[in-house]
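Presented below is the structure to which this report refers.
The values are calculated or read from the model by the stated rules, or taken from the named source; none is laboratory data. From a predicted model like this one, the values you see are computed outputs, not experimental measurements. In this analysis, Cβ positions are derived from the backbone assuming ideal geometry, glycine residues included, and neighbour counts consider all displayed protein chains. When the accessible area is computed, the model is the full protein with side chains, heavy atoms only, and any ligands, DNA or RNA have been set aside. Shrake-Rupley method; radii C 1.70, N 1.55, O 1.52, S 1.80 Å.
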Amino acid sequence: MGRNIRKRRTPLATKAIAASAALALGGGGLVWANFYASAHEDNSGWNRTKSTNARVATINCPDVGQKLTKVPRSARRGVAKELALLDRQVTDAYKRLAETRQAQAGDANYVNNAILSPLKSKRVATLDRIGININRAGGKRPQNLDQLAQCQGVPAEQPQTNDGQQGGDQNQDGQDQNNDGQDQNQDGQNNDGQDQGGQDGGGQDQGGNGGQAGNGPSADDFVDITQVQGNAQLGVGANGLPANGDSGSTGSFTTSCGTNENENRNSDNVIVAPGVSNGAQHQHDYVGNQANNAFASDQDLANGDTTCQNQGDRSSYFWPVLRVQDGQDDIDANAPGGGQDGNVGTIVQASEAQLKFVGNKNSDVVAMPQALRIITGDAKSFVNGNNNANANWSCTGFEDKVQLHDKLPICPEGSSVVRTSNFQSCWDGQNIDSANHRTHVAFVQGDGTCANGFQAIPQLQVRLVYDVQAPQIQNGQVQNAFAVDSFPDQLHKAITDHNDFINFFDENTMNQMVQCINSGQDCQ
C-alpha cells in the first residue's frame, strides 16, 4: 500500500465530519448496509439471458441546476437548497433501486411504479418551490420547468446520457464501452436478494471490491495504461485545454498549500449548496483556506486561516477525496458523505498537490476578482454527458503520452496515479458567480482566445499525485479498486472527477501573480 493511506484523525477533521453527520439534510441515522447490491450484482440471471426488461443500473434525472441560468441573486440561496433536495431525492430513489433487485426480477413494471413515479411526484413539488422562489425575487419562472421532473432508468447494458448519447467511452481512449451493469461477481451468485458485496460499507467483503460491490467502480472502469494508445490532450473536447503557450503571457505563479495534512474534510459544497450540510454527498479534501464549509460567508473565508506558505493566498482549493476500497472503515463510515452515501474505504491523502497559475497564449491576463468561484468538471457527468466533463487521469511517466477521461488507470510498478484539472480561464469581467456556476467563466477556444468579450485571467492548473497499489483484475473482478467519491447514482465513474476554487488572494499577491505571468517570469 502507498504512503499516507491511514493517518491519525485530527480534531479538525473529526469535528467537520461530526457536524456534517448532525446537520445532514435528510441523512437520518441509517448506514446503507444493503446499498451496495446494485448495478454489478447478478440476482436474476439477466446478464446471462437478455430480457426485454433490461435491469436498471442507475437513474438519470435532468440536471436542473445546469439549466437555471437566470436566477435573481436574492433567490439563489433558497433555490440552492431546493436543488440539494432534488439531489437527495435521486439518492434515496437510487438506494431503493439498489435494495429491491429481487422485487424488480418478479415485476417488469416495478421500477417505474415503485421508484420512478414517486420520484417524479417529489420532483414536481420541489420544482414548483424553485419557481416560487424565483417569482418572489422578481424573476421569471423558467418555461417548461415541470418537464424536468421526469427521470429515466438507465439500463445496465446501455447507459444513456441526457443528450441521448450512449454513455460509453466518447473520448478516444481506445477502451471498451462502460458496460456498467455487467456482472462482475460470477463466482458468487446471489439469488436471495441479500447483499454479498460488503457489510455496512466496508466490513466483511464477500465477493465485491472492498465493500463497494455494485456502486462502482467495476473492472470495466480500469485500464492498463501501458496498453493505451497515446493521446496526451487534456480535457474532453475543448474542456480543460491548457491556456498557456510559447506566446502571449508566458509566466507562471505557483502556490504551495500542502496536501491536506490537517485532514480538513467535509461533504459540503459552499459554491453549489450554500447553507446545506452534506450538499455534495461526498467528501472533499480542502487545502488553502481552512474555514470552508456550507455555512461560510465570504467574510468568513476572507478571514480564514490558510495552509498556503504564502499567507497572501487564502484561496480555497477543494476536490473529491480518493479512496482505496479495501474493506476498511474510515472515520466517516457511518456519516453522511461517507458510508451513508455509498462512499466507502480508506481515504488516501495525495502525495503531491501542485497548484499553478499560468497565462494565455494570445494576450496578457487580468486580475481575478476576490471571491471568484470556479467549478471545473461535472460530478454528475456519468448521466449528464460530456458537456461539462473535465476529468484527466494518468500515471507518472505517462502524462505527456496518455490522458484518460472516463477510465481509471492501472499504473505500472514505480508509477503513481495522477489527476489533472485545468480550470476555465476566461471571465465575463463582471460576476464572481452565476446562477448555474458556469456561465460567468469559460474555457479558452482552440486557438487560445476568449470568446464573447470575456477577459483572460490566470488559469489554475491542479495536479494531484497518489501513491496507491495498482488494482488487480481477475476473472472479471477488480480487487484493491480506487475511485473518487461521488453522488451514489454516478457509480463512482472516472469521468465524474471535478475540482473547485474560490479566489481569496489579497490584492497585492494577485497583482504580483499577474505581473509575473504577463512578464514571462516563474514566481512562487
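Worth pointing out:
- Sequence-ordered 3J(HN,Hα) estimates for segment 218-230 from the Karplus curve with 6.51, -1.76 and 1.60 and θ = phi - 60° stand at 10, 4, 5, 7, 10, 9, 5, 5, 6, 9, 9, 5, x Hz, glycine and proline given as x.
- With eigenvalues of the C-alpha gyration tensor scaled by 5 and rooted, segment 250-322, Å: 21, 14, 11
- Alpha-carbon centroid distance for the pair segment 455-524 / segment 244-288, whole angstrom: 8 Å
- For segment 385-436 and segment 336-377, distance of Cα centres in Å: 10 Å
- In summary, segment 282-425 shows an alpha-carbon radius of gyration equal to 1.18 times the 2.2 N^0.38 Å reference for compact globular proteins.
- Taking a point 7 Å from the Cα of ARG136 along the Cα-to-Cβ direction, the residues of segment 56-99 with backbone N closer than 19 Å to it are 70-86.
- Ordering 513-524, 80-91, 133-144 by mean Cβ neighbour count within 10 Å, with the highest value first, yields 80-91, 513-524, 133-144.
- Take segment 351-444 with all the other protein chains still there, run a 1.4 Å probe, and you get 29 Å² of accessible area per residue.
- Over 19 Å between alpha carbons, listed pairs LYS356/LYS380; LYS356/LYS401; LYS81/LYS122; LYS95/LYS407: LYS356/LYS380; LYS356/LYS401; LYS95/LYS407
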